Amino acid sequence: MSTAELDALIEEATVDTYDAIEAVNGFLAVIDEHLAVPFSTTVLGVEVTVVRVDLTNDFRLVARCVREGYQLDVGLLELPLPVPPPEGAHWVEAYRRWSGC
């Protein structure tokens, strides 16, 4: 996506928000609505399944990754997206741009 398209998504996700905490919640809402989960990706060389995106107590978005009964939360900013990315991954890219990544 172009920078302008990502900026438009950022505007959509953060409309009517008054601070960074509300903005993160706005991103959680659009990611929860649009990101197609579950999807597979590779974290530290191991294939995992992303089953949902959550908000931590310190207001970070994390991807809940599972494999063989184990689960791990990986920061959405650090999560490698698969190629091709899942439907709705453009919202993750917009969140990353908004976060300065």
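The values are calculated or read from the model by the stated rules, or taken from the named source; none is laboratory data. Quick caveat, the model's predicted, so the values are computed rather than measured. We place every Cβ from the backbone using ideal geometry, glycine too, and count neighbours over all the protein chains shown.
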If the requirement is being in a strand (DSSP E or B), touching a residue at least 24 places away in the same chain (Cβ under 8 Å) and not basic (Lys, Arg), which of these qualifies: Val74, Val62, Val92? Val74
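Here is a list: Pro80, Pro85, Pro38. Which entry is surrounded by 15 or more Cβ atoms within 10 Å (Cβ to Cβ), modelled with pLDDT of 95 or more and over 10 Å from the mean Cα position of the chain (by Cα)? Reasoning before the result, please.
Numbers: Pro80 fails: surrounded by 15 or more Cβ atoms within 10 Å (Cβ to Cβ); Pro38 fails: surrounded by 15 or more Cβ atoms within 10 Å (Cβ to Cβ).
After ruling out the rest, the residue left standing is Pro85.
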Taking the stretch 14-31, which residues are closer than 11 Å to Phe59 by Cα and among the β-branched types (Val, Ile, Thr)? Ile21, Val24
Being in contact (Cβ under 8 Å) with a residue 12 or more places away in the chain and within 24 Å of Cys65 (Cα to Cα): is that true of Ile10 here? no
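Can you spot a residue in the stretch 55-67 that is within 15 Å of Arg96 (Cβ to Cβ) and either surrounded by fewer than 18 Cβ atoms within 10 Å (Cβ to Cβ) or in contact with an Asp or Glu (Cβ under 6 Å, 6 or more places away or on another chain) (or both)? Outline the logic, then answer.
Let us first name the residues in the stretch 55-67 that are within 15 Å of Arg96 (Cβ to Cβ), namely 60-63.
Of the ones still in play, those that are also either surrounded by fewer than 18 Cβ atoms within 10 Å (Cβ to Cβ) or in contact with an Asp or Glu (Cβ under 6 Å, 6 or more places away or on another chain) (or both) are 60, 62.
Yes, there is a match, as at least one residue in the stretch 55-67 is within 15 Å of Arg96 (Cβ to Cβ) and either surrounded by fewer than 18 Cβ atoms within 10 Å (Cβ to Cβ) or in contact with an Asp or Glu (Cβ under 6 Å, 6 or more places away or on another chain) (or both).
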Given (1) in contact (Cβ under 8 Å) with a residue 24 or more places away in the chain; (2) closer than 16 Å to Gly75 by Cα; (3) part of a loop (DSSP other than H, G, I, E, B), index of the condition Met1 fails: (2)
